[in-house]
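As C-alpha cells, the structure follows; a few thoughts come after it.
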Amino acid sequence: MSVAQEIKARLDIVEYIQQYVPLKKSGRHYKACCPFHSEKTPSFIVNTETQSWRCFGACSEGGDIFNFAMKLHSWDFRQALEELGRLAGVEVRKQTPQQREEIQYEERLRDILRTAAEAFHSALLQDAPDSQAALQYAVERRGFSLETIEKYQIGFAVDSWDNLLIHLREIGYKDDDIIDAGLAIRNDKGRIYDRFRNRLIIPIRDERGRVVGFGARALGDEHPKYLNSPQTPVFDKSRLLFGLDMARESIRQSGIAIIVEGYMDVIQAHQAGYMNVVAQMGTALTEPQLKLIAPRHAQRIILALDADEAGQNAMRRSLEVARQVLQDDYAGRLSVDIRILQIPGAKDPDDFLRATPEQWPQIVETALPIADFIINLETEKLPPDASIQERERAARAILPLLYASEDNLYRKANIQKLAMRLRIQEADLLAWAEEQ
Ligand SMILES: [Zn+2]
C-alpha cells in the first residue's frame, strides 16, 4: 500500500470535510453548499462508500480527501501528504535515523520559538511600567490596534540580559538549542545572553503559521532600528514571505499578491482589511519567495517597495528575478502580470496606510505594468540632448523586456511609446529587437 493509500485508509473523508463544511446526511451521502463557489442550494456531495466528494454545481469538480485538502488550503500534494499524514499518524517519509534526528532538532527549535513568542507577548501585556511604555509605543507610534497585537502575537523583550534565557532554561530547554534558535548569543568568554533586549517583537511565521524567527523594532532611537533573527536551521528569510499564512486565502481568491518591504507594512495593510499583502523583508525578491505565490495562487504580482533608493534598487533586482524565474518556467513568456506600485509623496506603505487607509485600493489601481515602469525608469535617466548612441543603448536595454510580454497588442503599444520617448523610428526598434 502506498503512503497516500495508507493515509486514506485511516482517515474518514466525512469527518475531515465536516471540520470545514457543515455536511448534512442525505440518503446514503452527505450534502452541503459548496465551499468553493457561492450557492444557495447544496450541490456539494460527499460519498462515504467511495470516500470521495464532488461539486455538481459551478465547479463540477471532485476527488478524494487529498484533492479536497489541496483545494481548500491551497496546498501542493507534498504538503497535503505531510499534513494528512500527521493527522492519520502515518509516517510520510521513510527516514534514516540521522534524518529523524534532524527533524526532531528543528521541531525543538520551533518549539522554543513558539514558547518565546508567548513569553514576549505576555510581557507586552504586563502591568509593569516598561511593558506599558512598549504597549503605548505599539498603539500610538505604530498604530496597532489591540486586536492586531493579539492576532500577530506582538510582544516585548524587556531590557534585560537574561530574562528570556532564564525563562527558557526553567522550562528545560538547553542553552545550545536556545542559541541555535537565534534567541541568545554566546560571546568569546562563553557568556550567554538574550539577543533581543528592550524592543518591540514581531513573530515571523512561515506559510504554515509556525513561528520561525523574530523581527525586533527599537523603541527609541537605538541602532539598529530593526534587528531580525539570524539565519537558523528553521529561519531563512530569503525563502519566506512575511504574512503569507494570513494572506494566502485572499491572494488565492483575488489572484493578486502585493509585495511590500517590511512586516510593519504588512501588519498595517492587514489591519486595514487588505489581506493580500506580504513582505519580502528587506532583501530583493528571491526565486523561492516568488514560487510560494506565483503562478499557483497569484496571477498578478504588485511590487510596492519603499520609495528610497534602497527600495528602488530592490525593485529593480526583484523585477530581474521575477523575469528570469517566470521565463524559465513558461516558454520565454511572462505568465504572471507584474506591476510596480509607487506610492505618491515617496511614502512607504506603512506610513501611507496609517495616514489614509481608505485610499489604498485607488493607489493599488495606479500600479504600472512592468514595461511602462522600465520605459520610464530608463528614459528618465537620459539627458534631454542624449545622442543617438545613448538612446539606442537605452532602447536595446528595454526591448528584451517588452518582448517578454505574452500580449502582442501590449507589446506594440509599448514599442510605439518607446519610439516616441527616444525619438527613434519604430522600424529601427523592431529591427534591433530582431537582432537580439
Ligand atoms: Zn462548487
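Only residues that are near the ligand (Cβ under 9 Å from one of its atoms) and of a type in the set (D, E, K, R) were counted in region 18-41, giving 1.
The strands (runs of 3 or more DSSP E) located wholly in region 1-76 that include 3 or more residues which are outside the structural domain of ARG248 (by TED's automatic domain parsing) and not aliphatic (A, V, I, L, M) occupy 24-26, 29-32, 52-55, 61-63. Candidates PHE144, PHE44: the one that is modelled with pLDDT of 95 or more and within 16 Å of the ligand (Cβ to nearest atom) is PHE44. Scanning region 195-203 for residues that are closer than 30 Å to LEU292 by Cβ and in a helix (DSSP H, G or I) turns up nothing. Taking the numbered list (1) surrounded by 13 or more Cβ atoms within 10 Å (Cβ to Cβ); (2) more than 30 Å from PRO295 (Cβ to Cβ) in turn, ASP64 passes all entries but (2). On the given criteria, is ILE201 more than 23 Å from VAL266 (Cβ to Cβ) and not small (Gly, Ala, Ser)? Answer is no for this residue. For region 163-180, state whether one or more residues are at pLDDT 95 or above, touching a strand residue (DSSP E or B) at 6+ places or on another chain (Cβ under 9 Å) and not in a helix (DSSP H, G or I). So far as region 163-180 goes, no, none of its residues is at pLDDT 95 or above, touching a strand residue (DSSP E or B) at 6+ places or on another chain (Cβ under 9 Å) and not in a helix (DSSP H, G or I). The residues listed here are TRP53, TRP75; of these, the one that is closer than 28 Å to PRO295 by Cβ and either more than 31 Å from the chain's Cα centre (by Cα) or open to solvent by 30 Å² or more (accessible area, probe 1.4 Å) (or both) is TRP75.
Residues of region 47-69 that are hydrophobic (A, V, I, L, M, F, W, C) and within 15 Å of the ligand (Cβ to nearest atom): TRP53, CYS55, PHE56, ALA58, CYS59, PHE68. The residue list ARG108, ARG100, ARG86, ARG93 contains one member that is surrounded by 14 or more Cβ atoms within 10 Å (Cβ to Cβ) and charged (D, E, K, R), which is ARG108.
Here MET264, MET281 are screened, and the one residue that is closer than 22 Å to GLY182 by Cα, touching a residue at least 60 places away in the same chain (Cβ under 8 Å) and in a helix (DSSP H, G or I) is MET264.
The values are calculated or read from the model by the stated rules, or taken from the named source; none is laboratory data. Just so you know, these numbers come straight off a predicted model, no measurement behind them. In this analysis, Cβ positions are derived from the backbone assuming ideal geometry, glycine residues included, and neighbour counts consider all displayed protein chains. Ligands, DNA and RNA are stripped out before the accessible areas are found, and what is left, the full protein with its side chains, is counted by its heavy atoms. Shrake-Rupley method; radii C 1.70, N 1.55, O 1.52, S 1.80 Å.
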